[in-house]
2 protein chains.
Amino acid sequence: MIEKLSDEARALALANLPEWTVVADPDGISRRFTFPDFVAAFGFMTRVAIVAEKADHHPEWSNVYNRVDMVLTTHDAGGLSQRDIDLAHQVEGLL
Amino acid sequence: MIEKLSDEARALALANLPEWTVVADPDGISRRFTFPDFVAAFGFMTRVAIVAEKADHHPEWSNVYNRVDMVLTTHDAGGLSQRDIDLAHQVEGLL
């Protein structure tokens with residue numbers, strides 16, 4: 001069973017993810033990504049999709065043309081967990 | 001310049017898209033798609049992405065695991081246009 005991060009662990013983890021913003025509902029982190037066009041945006045989504053499926057942890061995300069909005073949260077933990085932090089770093093690595 | 005559908009043309013078009021719901025903001029149509037899992041949902045999105053790019057008309061959509069929510073609207077027309085109807089039929093054809 002994966003657990004929510006403690007306040008201390010969360011603060012430490014977020015310090016290393018400066019581009020991400022804490023969101024309240026659901027408790028998690030979010031980031032907006034902007035690309036030159038739809039093909040670039042969806043190409044990014046495809047790479048994230050493969051990484052996410054492999055990690056068995058999936059984003060909540062939306063896309064409008066060249067923009068992708070992503071929220072990472074762990075429903076099983078009722079909030080932000082290490083799985084979200086790990087996936088965020090993997091997503092960063094794809095940029 | 002693409003134009004918004006008249007009330008008459010809209011009613012006629014929507015009669016042939018019974019699975020789609022009219023939404024107000026933005027003025028358009030929406031549909032929720034549910035799949036067995038993430039791979040199936042994202043596979044569907046990938047097929048839609050290719051069709052949409054080819055049509056040069058893109059959905060506003062979100063995905064959470066096995067669920068895809070799609071809104072079709074035409075910003076240049078300020079609402080629902082024939083391009084949305086055409087894309088909706090193409091999406092239906094992918095199911």
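The values are calculated or read from the model by the stated rules, or taken from the named source; none is laboratory data. The shown structure was predicted, so the numbers you read here are calculated from the model rather than taken from an experiment. Positions of Cβ are backbone-derived with ideal geometry, glycine not excepted, and every protein chain shown enters the neighbour counts. Note: areas computed on protein heavy atoms with side chains; ligands, DNA, RNA excluded. Shrake-Rupley method; radii C 1.70, N 1.55, O 1.52, S 1.80 Å.
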(message) List pairs: first residue in the stretch B:54-73 and at the interface with chain A (Cβ under 7 Å from one of its Cβ atoms) and over 13 Å from B:Val91 (Cβ atoms), second residue among the polar types (S, T, N, Q) and assigned to a strand (DSSP E or B) anywhere in the structure, Cβ distance under 6 angstrom, at least six positions apart or on different chains.
(response) B:Ser62/A:Ser62
(message) From the list A:Phe33, A:Phe38, A:Phe42, exactly one residue is open to solvent by less than 80 Å² (accessible area, probe 1.4 Å), more than 9 Å from chain B (Cβ to nearest Cβ) and not basic (Lys, Arg). Which is it?
(response) A:Phe33
(request) Go over the candidates A:Pro18, A:Pro26 one by one and state the one that is in a loop (DSSP other than H, G, I, E, B), in contact (Cβ under 8 Å) with a residue 40 or more places away in the chain and more than 9 Å from chain B (Cβ to nearest Cβ). (result) A:Pro26
(message) Exactly one of these conditions fails for B:Val71: (1) outside any helix (DSSP H, G or I); (2) open to solvent by 30 Å² or more (accessible area, probe 1.4 Å); (3) over 27 Å from B:Ser6 (Cβ atoms); (4) not basic (Lys, Arg). Give me its number.
(response) (3)
(request) Output the number of the condition that A:Ser81 fails; it satisfies all remaining conditions of (1) of a type in the set (Ser, Thr, Tyr); (2) touching a residue at least 60 places away in the same chain (Cβ under 8 Å); (3) closer than 18 Å to B:Phe42 by Cα. (result) (3)
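For every residue, the table says whether it meets (1) within 20 Å of B:Ser62 (Cα to Cα); (2) open to solvent by 50 Å² or more (accessible area, probe 1.4 Å); (3) touching an Asp or Glu at 6+ places or on another chain (Cβ under 7 Å).
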{"residue": "A:Asn16", "(1), (2), (3)": "no, yes, no"}
{"residue": "A:Ile29", "(1), (2), (3)": "yes, no, yes"}
{"residue": "A:Asp76", "(1), (2), (3)": "no, yes, no"}
{"residue": "A:Ala88", "(1), (2), (3)": "yes, no, no"}
(message) Against the definition (in contact with a strand residue (DSSP E or B) (Cβ under 9 Å, 6 or more places away or on another chain) and not in a loop (DSSP other than H, G, I, E, B)), how does B:Val39 come out, yes or no?
(response) no
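Mind listing whichever residues of the stretch B:45-66 are in a helix (DSSP H, G or I) and either in contact with a helix residue (DSSP H, G or I) (Cβ under 7 Å, 6 or more places away or on another chain) or crowded, with 18+ Cβ neighbours inside 10 Å (or both)?
Matches in the stretch B:45-66: B:Met45, B:Thr46, B:Arg47, B:Val48, B:Ala49, B:Val51, B:Ala52, B:Glu53, B:Ala55.
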